[in-house]
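Here's the structure, in structure tokens; my notes come after.
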Amino acid sequence: MENENQQNNSAPQQENAPAQNKQPVAGNLFDSSAFDIAGILKRTWGIFSKTLILYWGLVLMAMLPSIVFMIILPAGVGMAIGGILNSILSVMVQGCVAYAVFQYAVGNKPGFGDALSKGFSHLVPLLLTAIVIGVAVGVGMILLVVPGIIVLCIMYVAIPACVVERLGVEGSIRRSMDLTQGYRLKIFALALIVGIASVIIQLTIPAVLGAIIPVPIFIVILTIVVSSLPAAFGAVMAAVVYQELRAIKDGSSMESLAKVFD
């Protein structure tokens, strides 16, 4: 009787055993809840704040041509040409920032020249991808803004993908489409947060300093320089988002992404 009772008691345990041994699939990596907005902002700030001069310098370098054209050309022409160059070069420099972010994250300390050479090593596809993104987002913004925002979210990690995975224009955009699928609303939220902070900074600091030195060209240049700070933060965030999406969808670590530049 005792043996029968023991066998009967063990039966439910054996039936329940498979349920107890079930493991979550890849830690819910494919669940959009794994893409944490607060966590990404925190990681971005942690990287950005410790090497601010490097990232800010890279973005400022991209903005220099627009400043030069605004100084040497008539106001309207200089603003137009400078604005176009600024849009393209600012996107391109994300490649350099991506390299610096991945190197810093694995314990290396990339220099300014190193970031430029590695980031621009895939120059032609990087340039063409930046142009396509700039034109697509620009046209989308003209079409009642919303299409531009959608395109921006779809192509958000095209530049890091181009640099890290050595892809062409079409491959970079398709890769970004695949990685951002299912996460575009959260990417929009991140971009909106940085965008609002950027607008506040661009409106307050130039206004205060412009009141002290009321010279139009000084105010314009100051606005560009000041706007480069949130732009640099946004470039770092794009690299962090790319790595996060690669981790979620491909299982790639920061170390494996950094090794592609070796």
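The values are calculated or read from the model by the stated rules, or taken from the named source; none is laboratory data. Computed from a predicted structure; not experimentally measured. Note that each Cβ is placed from the backbone with ideal geometry, even for glycine, and that neighbours are counted across all protein chains shown.
The table below gives the values:
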| quantity | calculated |
| --- | --- |
| Residue selected from region 110-126 under the condition farther than 13 Å from Val164 by Cα and out of contact with any Leu (no Cβ under 9 Å at 6 or more places or on another chain), by the criterion surrounded by the most Cβ atoms within 10 Å (Cβ to Cβ) | Asp114 |
| Every residue from region 179-234 that is within 16 Å of the chain's Cα centre (by Cα) and not in a helix (DSSP H, G or I) | Gln181, Tyr183 |
| Val236 closer than 16 Å to Val59 by Cβ, β-branched (Val, Ile, Thr) and at pLDDT 80 or above | yes |
| Residue count for region 191-241, restricted to those that are in contact (Cβ under 8 Å) with a residue 40 or more places away in the chain, within 24 Å of Arg175 (Cβ to Cβ) and exposed (fewer than 15 other Cβ atoms within 10 Å of the Cβ) | 0 |
| Count - residues of region 153-178 that are touching a His at 6+ places or on another chain (Cβ under 7 Å) and assigned to a helix (DSSP H, G or I) | 2 |
| Single residue of Gly119, Gly83, Gly95, Gly113 found to be farther than 30 Å from Pro216 by Cβ and over 20 Å from the mean Cα position of the chain (by Cα) | Gly113 |
| Members of region 164-190 found to be among the small types (Gly, Ala, Ser), closer than 27 Å to Ser121 by Cβ and in contact (Cβ under 8 Å) with a residue 24 or more places away in the chain, listed by number | Gly168, Ser172 |
| Residue match in region 166-180 (condition: at pLDDT below 85 and of a type outside the set (Val, Ile, Thr)) | no |
| Flag for Val145 being more than 27 Å from Leu123 (Cβ to Cβ) and among the aliphatic types (A, V, I, L, M) | yes |
